[in-house]
1. Quick check, is B:Ile53 under 18 Å from B:Pro164 (Cβ atoms) and either of a type in the set (A, V, I, L, M) or at pLDDT 90 or above (or both)?
2. Can you find a residue that is farther than 21 Å from B:Cys161 by Cα, within 13 Å of chain A (Cβ to nearest Cβ) and in contact (Cβ under 8 Å) with a residue 12 or more places away in the chain anywhere in the range B:94-104?
3. Assess whether A:Ile70 counts as being closer than 30 Å to A:Thr170 by Cβ, part of a loop (DSSP other than H, G, I, E, B) and free of Cβ contacts under 8 Å to residues at least 60 places away in the same chain.
4. Test each condition in (1) touching a helix residue (DSSP H, G or I) at 6+ places or on another chain (Cβ under 7 Å); (2) more than 9 Å from every other protein chain (Cβ to nearest Cβ); (3) more than 16 Å from A:Met123 (Cβ to Cβ) for B:Asp91 and report the one that comes out false.
5. Kindly check whether there is at least one residue in the range A:190-200 that is more than 12 Å from the chain's Cα centre (by Cα) and of a type outside the set (S, T, N, Q).
6. Against the conditions (1) at pLDDT 95 or above; (2) under 25 Å from A:Tyr185 (Cα atoms), where does A:Ile161 fall short? Just the number, please.
7. I'd like the residue in the range B:131-144 that is crowded, with 16+ Cβ neighbours inside 10 Å and in contact with a helix residue (DSSP H, G or I) (Cβ under 7 Å, 6 or more places away or on another chain) and, out of all such residues, is farthest from the other protein chains (Cβ to nearest Cβ).
8. Being under 18 Å from the mean Cα position of the chain (by Cα), within 14 Å of chain A (Cβ to nearest Cβ) and in contact (Cβ under 8 Å) with a residue 40 or more places away in the chain is true for just one of B:Ile47, B:Ile20, B:Ile32. Which residue is that?
Amino acid sequence: MIKFLTQLGCYVLLLKKVFSKPEKPKIYYKQTMHEMIYLGLNSIGIVTIISFFMGAVITLQTAYNTENPIYPTYLIGLGCRDSILLEFSSTIVALILAGKVGSNIASEIGTMRVTEQIDALEMMGVNSASYLILPKIIATLIFNPFLNLISIIVGIIGGWIAGTLSGVITPEDFIYGIQYAFIPYYVTYSMIKTVIFAFIITSVSAFQGYYVDGGSLEVGRASTKAVVYSSVLVLLFNVILTQLLLS
Amino acid sequence: MIRVNNLDKSFNGKKVLDNISVTFEAGKTNLIIGRSGSGKTVLIKSIAGLHEIDNGEIWFEDIHFNQLDFNSRKEIRKKMGMLFQGSALFDSLTVEQNIRFPLDMFTQQSAEEKIERINFCLNRVDIINANKLFPAELSGGMKKRVAIARAISLNPKYLFCDEPNSGLDPITAIMIDELIKELTEEYQMTTIVNTHDMNSVMKIGEKIVFIHEGVKCWEGTKEEILNSDCEILNDFVFANALAKQLKLSSK
């Protein structure tokens, strides 16, 4: 318990340092743009692939589990849309990004720590925590909602293609289903979750990397911890946010 | 001038530095020597503010450095340059960008002025046609020289060098030592160099402090070091077979 509280305290203090006034906003802006490419644009590929197959599987599973004449077939489209919108595009994609982006951030910052590059920044009078972490947080907070949007669109397309190619649903029924009883608030809910998950993944992973002590072995451990802790926190906050936003 | 009074530092209850008091003079190459694990790096990093000390005082001229808050320390840190043991160049930046970094961060210079300063610093450390190379493409000696160029880019008043010639061949090591000495005299910096290399001690040492197991055992000049009565220091200085032979023959 004491160890947990110590870690929590260190995390809060790190965030305080991260959100202090930047030395030169222009340099931070450049860094943020760089991180958007590195952490955001470079994730489009994996998000697209996963979302496509996720949508396809959801459609087929919904179809095979609702093979009953009482249920109209357009419900397959509706089920696909709501599953992707409410859960898969925000939470599952966040878990995938925790693996990709989280380990990347922790190992990058951790390596900088063990090779004294962070000390070099501090020696120059640069707020290393802010310089290294703030651009990553801002970049993911801005870019991850776009990834979420891409995931929603590609997921539904994946469902539509799988459903029509396998013959479980006609294209017209699928389109009708995804338009039926649409609640726009679900998109807002999904975006809110994505932004909070982005903050968790980036800040927790950066925290793990920033406080690495030792050598390459510890960097590897920090990277693993970053993925595990941010994934668990994403799942925990998924429950909290669902209760808060949908109840 | 840097003054350290009664400095203590522990890690997880283990005392690493015990009651260190020493003054490092301006315009001189001050050396901290001692065996590996004696606390040299912790001392130099404590002085530079990279480690928080448990007790004691660190003064930069008349400024009580360890009592300053984070933002006030930043102002002093802009006057410091440090050469780290592993060079600590930023991997993702080229040689030119590494040296440009402090200029971008802390000066209002135009792009032309920055390029001029970068080339001046690189020429000063004898690095030519390497502006666009990444640290991974440089040799150990080149990395050290680029790190020196980065350290002097803002005309520092204080230069800290942590084992500047570790892992280098003897000729490159001497070149780095000479470069540090020349720059110290040229810019009248207060330079502190950590080393366990006796060649460096005899070549560039003006004031020498010997640390053993976290305790300052001896301080003096390179002339005095050869005739010291401190047994632990003698064991360290004359550990080398050739040095031992020289001492015996001089007797």
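The values are calculated or read from the model by the stated rules, or taken from the named source; none is laboratory data. Note that this is a predicted model, so its numbers are computed, not measured. Reconstructed Cβ throughout: ideal geometry from the backbone, glycine too, with neighbour counts over all protein chains shown.
1. no
2. So far as the range B:94-104 goes, no, none of its residues is farther than 21 Å from B:Cys161 by Cα, within 13 Å of chain A (Cβ to nearest Cβ) and in contact (Cβ under 8 Å) with a residue 12 or more places away in the chain.
3. Yes: the conditions hold for A:Ile70.
4. Of the numbered conditions (1) touching a helix residue (DSSP H, G or I) at 6+ places or on another chain (Cβ under 7 Å); (2) more than 9 Å from every other protein chain (Cβ to nearest Cβ); (3) more than 16 Å from A:Met123 (Cβ to Cβ), the odd one out for B:Asp91 is (2).
5. Looking for residues that are more than 12 Å from the chain's Cα centre (by Cα) and of a type outside the set (S, T, N, Q), one finds none in the range A:190-200, hence no.
6. So the condition that A:Ile161 fails would be (2).
7. Looking at the filtered set, the residue picked out is B:Asn131.
8. Criteria check complete, one pass: B:Ile47.
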